Amino acid sequence: MFIKHSRLDRFILALNSTFLILAVLMVVLPLIYVVIASFMDPSVLLNHGLSFNISDWSLEGYKKILSNPAMIRGFGNAVFYASAFAILTVMVSICAGYALSDERLKGRSFFMTLFLITMFFGGGLVPTYLLVKNLGLLNTVWAVIIPGAVNIWNIILSRTFFKGVPKELREAANVDGASEMKIFLSVVLPLSKPIIFVLALYAFVGQWNSYFDAMIYLDNPSLHPLQLVLRSILIQNQVDPSMISDQLAMAEMKKLSEIIKYAAIVVSSLPLLIMYPFFQKYFEKGVMVGSLK
């Protein structure tokens with residue numbers, strides 16, 4: 001069916017399209033620049049900028065990254081931290097959200113009020129550090145995983161999702177003699193894939209991009225995630241000497257450090273790019289939890 005738009009409608013549509021195109025370009029162009037720059041020869045990149053001539057391209061940056069033990073170890077640590085954090089966060093959020101969605105829970109409003117208070121008031125960095133220290137978690141993997149696993153916003157999203165699950169399903173299972181745990185595992189949980197995958201994606205991405213907790217709580221370099229290694233390269237403009245042979249002059253070292261920066265950004269983004277297509281079919285439904293119908 002053809003819809004005839006007025007002149008004002010056409011102007012607004014054109015304006016929206018322009019803004020959307022500009023927004024896409026602002027996101028896509030830097031990504032394209034980083035990807036191409038990661039394959040560039042260091043000398044060509046610094047002296048002439050980007051080049052689409054294949055002869056000016058090089059895999060030197062990726063070779064240095066993949067041959068560096070600190071980068072490989074940091075990548076493995078980051079995958080473990082993000083995966084474990086996502087699993088723990090989803091478990092806590094789903095269980096707490098399911099309990100708070102049940103009107104039969106005594107003190108539900110009280111618990112929800114306590115949770116909401118923590119969203120606006122926190123102890124701060126020093127008390128949190130002392131708590132982690134007194135619990136004996138310093139310089140362990142759990143110092144990165146446990147403290148942030150309870151996310152109140154995720155619990156609220158889970159509670160809102162479970163409120164949308166038809167009560168008739170629970171009542172029917174209850175009539176058949178199913179216990180509360182059986183109802184949760186066999187009836188409710190299979191219907192919760194959208195919220196589970198969205199919470200897992202949020203938690204994984206948040207932990208994957210985080211470096212501050214690891215910087216505060218982890219002194220052992222063997223426990224450092226990839227983000228701390230990248231911080232040394234990108235912010236402090238330092239490159240691990242093991243990534244560069246002793247024969248290279250300081251100028252060559254600077255050139256190579258530039259190409260390693262771009263290659264490191266691409267490598268660190270790969271897990272997120274690989275994950276998103278598998279989560280996409282659940283993402284739209286999950287992020288709309290709590291919206292008006």
Check off (1) over 26 Å from ILE265 (Cα atoms); (2) open to solvent by less than 50 Å² (accessible area, probe 1.4 Å); (3) in a helix (DSSP H, G or I); (4) touching a residue at least 24 places away in the same chain (Cβ under 8 Å) for GLY61 and give me the number that stays unchecked.
-> (1)
Single match in THR118, THR128 (criterion: open to solvent by less than 60 Å² (accessible area, probe 1.4 Å), under 25 Å from the mean Cα position of the chain (by Cα) and hydroxyl-bearing (Ser, Thr, Tyr)) = THR128
Does any residue in the stretch 165-179 that is free of Cβ contacts under 8 Å to residues at least 24 places away in the same chain and on the phi < 0 side of the Ramachandran plot come within less than 9 Å, Cβ to Cβ, of a residue that is of a type outside the set (A, V, I, L, M, F, W, C) and in a loop (DSSP other than H, G, I, E, B) six or more places away or on a different chain, and which pairs are these?
-> ARG170/ASP102
Taking SER109 as the residue in question, decide whether it is small (Gly, Ala, Ser), under 30 Å from GLU171 (Cβ atoms) and open to solvent by 40 Å² or more (accessible area, probe 1.4 Å).
-> yes
Output the residue which, of all residues in the stretch 147-180 that are open to solvent by 40 Å² or more (accessible area, probe 1.4 Å) and among the hydrophobic types (A, V, I, L, M, F, W, C), is farthest from the chain's Cα centre (by Cα).
-> VAL175
Unique match (being part of a helix (DSSP H, G or I), polar (S, T, N, Q), modelled with pLDDT of 80 or more and under 19 Å from LEU66 (Cα atoms)) among SER257, SER269 = SER269
Looking only at the stretch 201-254, and only at residues there that are charged (D, E, K, R) and at pLDDT below 85, the one that is surrounded by the fewest Cβ atoms within 10 Å (Cβ to Cβ) | ASP246
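The values are calculated or read from the model by the stated rules, or taken from the named source; none is laboratory data. Just so it is clear, the model here is predicted, and its values are computed rather than measured. Cβ atoms come from the backbone with ideal geometry, glycine included; neighbour counts cover every protein chain shown. The protein model used for the area step is the full one, side chains on, heavy atoms only, and it has no ligands, DNA or RNA in it. Shrake-Rupley method; radii C 1.70, N 1.55, O 1.52, S 1.80 Å.
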